[in-house]
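In what follows, a structure is listed as structure tokens, so that the remarks can point back to it.
The values are calculated or read from the model by the stated rules, or taken from the named source; none is laboratory data. Everything quoted here is computed from the prediction, not taken from an experiment. Ideal geometry is used to build each Cβ from the backbone, glycine not excepted, and the neighbour counts take in all protein chains shown. For the accessible areas, the whole protein counts, side chains as well, though only heavy atoms, and no ligand, DNA or RNA atoms are used. Shrake-Rupley method; radii C 1.70, N 1.55, O 1.52, S 1.80 Å.
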Amino acid sequence: MKSVVVVGAGIWGSSLALRLAESGWQVTLVEQHAPGNVRQSSAGETRLLRCAHGADDWYARLARQARDGWRRLGERTGVELYQEAGMMWFAGTPDGWEHASAQVLNDLGIPCEVLDPADGRRFFPDFRGDDLSFLLWEPNAGVIRARRATQVTADLARAAGVRLVRARAVPVAGDAAPYACAVEIDGEVRHADRVVWACGAWLPALFDGLPITVTKQDTLHFAVPAAWSVPETPAWVDHGASAYGHGDVDGVGMKATSDAEGRPYEPEHGSRAVDAESVEQARAYLRRRFPSLAAAPVLFSQVCQYALTPDAEWLLAEAAPGVWLLGGDSGHGFKHAPALAGYVAEVLDGERAPEPRFGLHERTPSRGLRTSGRVG
Ligand SMILES: Cc1cc2nc3c(=O)[nH]c(=O)nc-3n(C[C@H](O)[C@H](O)[C@H](O)COP(=O)(O)OP(=O)(O)OC[C@H]3O[C@@H](n4cnc5c(N)ncnc54)[C@H](O)[C@@H]3O)c2cc1C
């Protein structure tokens, strides 16, 4: 039986552990805290699922597969992890990111519809779109209950035979080949056929020279009237303004927040208090787009972190024989997890090579894959 140690029980590590266990691998999953702990990027209350990725079709296809994965996981567990509320894209220019997205979605046969800005009033109780060129409606998009989904996935992994170890894993020093595919857990060196470091924002501190920077991201949810709830109110993204959100889910409030990268951040010890400036920014956006919510109070807030690569492409690379680094999610990885796990499992099995785009090469800065079109 092939063996693997997966380090990190965020949504990427937990989904991979589950997939490998279900395909016959002996899996150890090492996590320094608990699956769903608040320091994880995966422990956000909600995450958006969208297929639109500008001109890129690879991630669009993966997101579409992942949507099926989330729906299957929901049916299997009886927990509604994904709510298909649809997503409205607010396009500021006629030929920008949303236009490219519509072309790719149409080519792939993924439903979408170009609408007039005035149609926004059919989707939101109150909407102002006089600065917009058009709206792009993506009906098969929505909101994932992220923290819950991470815990459910880790539970399923355990039920599938994954051994979950609560410890901080350390890469084994030394160049000798026998030690390359090893990991130190609680002071003891363990060997496996493969080791996967799926450590999110902790990855750059574990391995030198990775093309990943970590930033603080404040997330805000506002208290809103019932009419602003999912699924009646959809998810939305204003790529040009780096703003996004969705209607109220589970009474946590309407999410309205920024995707622009925050300041450098340390995920283990950094303060988890949101900045007053972030509240002001979110409120200014509400005032402009959904004026009746201008005075809505903050109901819930969370601090999370991005693990950003310069080009927003992920990292999946074999750092030493059998030792894989999986990270650099760049703030757009959650939705893909069920499909990405299948992809990575095939790479570990040697059935396919990873896309060159995921390598350890120097990256050219680009923002095309994120929901953030604005720099800073
Ligand atoms: C504010 C915000 C909004 C986002 N919005 C979206 C969205 O709308 N849609 C979307 O698809 N994605 C979104 N993302 C991105 C998404 O959340 C991430 O892509 C995803 O959660 C990454 O999961 P992960 O498993 O790689 O990392 P994490 O969830 O951070 O998990 C890494 C785990 O590794 C553990 N670990 C680290 N080092 C060690 C060690 N040495 N030993 C043991 N354990 C270790 C950590 O404790 C942690 O639990 C967003 C992210 C943020 C911050």
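Overview of results
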item	result
Simple spin-label estimate for R61 and E22 in nanometres, 7 Å along Cα-Cβ	2.1 nm
Net charge over other residues, Cβ less than 9 angstrom from the Cβ of V38 (K, R count +1; D, E count -1)	+3
GluC sites (Glu not before Pro) restricted to DSSP loop in the stretch 231-271 with at most 13 other C-beta within 10 Å	E268
Efficiency of FRET from Cβ geometry, V189 and L299, R₀ 35 Å, rounded to 0.05	0.15
Whole-percent carbon and sulfur share, accessible surface of the stretch 3-358, 1.4 Å	49 percent
Contact order relative to length of the chain, as percent, for alpha carbon pairs under 8 angstrom and 6 or more apart	22 percent
Radius 11 Å from Cβ of D57, net charge of other residues (Lys, Arg +1; Asp, Glu -1)	0
Pairwise FRET efficiency - R263 versus S366, Cβ, R0 = 30 Å, nearest 0.05	0.90
Restricting the stretch 52-84 to GluC sites (Glu not before Pro) in coil, as DSSP defines it, with at most 16 other Cβ within 10 Å	E80
Estimated dipole of the chain in Debye, rounded to 20 [Cβ of Lys and Arg +1, of Asp and Glu -1, Cα centre]	700 debye
With 10 Å bins from 0: P(r) over the stretch 3-358, alpha-carbon pairs, percent	5, 25, 34, 23, 10, 3, 0
Per principal axis, descending, Cα span of the stretch 313-356 in whole Å	28, 18, 16
The stretch 1-129: Rg to Rh, with Rh as the Kirkwood radius over Cα pairs	1.06
Estimated inter-spin distance, V252 and E277, nm [label 7 Å along Cα→Cβ]	2.6 nm
Relative packing of 203-214, 313-324, 298-309, which averages over residues the other C-beta atoms within 10 Å, highest first	298-309, 313-324, 203-214
Average accessible area per residue (Å²) across the stretch 3-358 - probe 1.4 Å, nucleic acids and ligands excluded	38 Å²
Amide N of the stretch 252-294 lying under 20 Å from the label point, which is placed 7 angstrom from the Cα of R121 along Cα→Cβ	286-294
Simple spin-label estimate for E318 and R166 in nanometres, 7 Å along Cα-Cβ	3.6 nm
Mean Cβ count within 10 Å, highest first, over the residues of peptides 59-65, 361-367, 326-332	326-332, 59-65, 361-367
Proportion of all alpha-carbon pairs of the stretch 246-312 beyond 15 Å (%)	60 percent
The stretch 94-148: C-alpha gyration tensor shape, a/c 1.5 cut-off, then a/b vs b/c	oblate
